[in-house]
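Here the structure is laid out as structure tokens; the discussion comes afterwards.
None of the figures in this text is laboratory data; all of them are computed from the coordinates on show. A quick note: this is a predicted structure, and the numbers were derived from the prediction, not measured. Positions of Cβ are generated from backbone atoms using ideal geometry, with glycine treated the same way; all protein chains shown enter the neighbour counts.
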Amino acid sequence: MKSSLSRPDPDFPAFVSEQLAAIPALKSRPMFGAHGLYSGDTFFGIVWRGSLYFRTSPSTVADYDAANASWFQPNPQQALKTYREVPASVLARPASLLAWAQRAIAC
């Protein structure tokens, strides 16, 4: 878990959009203090407080479990367990990030 004292990078949403520019019809839309990521009409990701979360399915969740990736939890009363944090090792490799995004879109 990240420290609540750390400040998210305000340029992170733009970084994510740049890294995912090859996604067909990529859109980033503001949503409830976060940014929703879409490929056309398919919602597949959330950028929130300096973290990136992708939609998971039974066929992809094991990779997130292996990385001990947390699920999207905007507050203590709400958790979207089908959206998991993309590991830093994946964020650091553009080809891997694109592959994980494509898997999230296909979910």
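Quick look at the numbers
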quantity: Length-normalised contact order for segment 12-106 - Cα pairs under 8 Å, 6+ apart - percent; calculated: 26
quantity: Length released on extending from Lys81 to Ala25, taking residue separation times 0.36 nm less the Cα-Cα span; calculated: 17.6 nm
quantity: Ala88 versus Ala14: modelled label distance in nm, points set 7 Å from Cα along the beta carbon direction; calculated: 2.3
quantity: The chain: most fluctuating residue of Phe15, Phe44, Phe32 per GNM, C-alpha cutoff 10 Å; calculated: Phe32
quantity: Charge dipole (debye, nearest 20) of segment 12-106; +1 at Cβ of Lys and Arg, -1 at Cβ of Asp and Glu; calculated: 100
quantity: Farthest toward positive dipole pole in the chain [+1 Lys/Arg, -1 Asp/Glu at C-beta], among Leu37, Ile23, Pro74; calculated: Pro74
quantity: Per-residue ³J(HN,Hα) for segment 93-101, Karplus 6.51 cos²θ - 1.76 cosθ + 1.60, θ = phi - 60°, Hz, x for Gly and Pro; calculated: 10, x, 5, 5, 4, 4, 5, 5, 5
quantity: Residues Thr42, Thr56, sorted so that the one with the fewest Cβ neighbours within 10 Å comes first; calculated: Thr42, Thr56
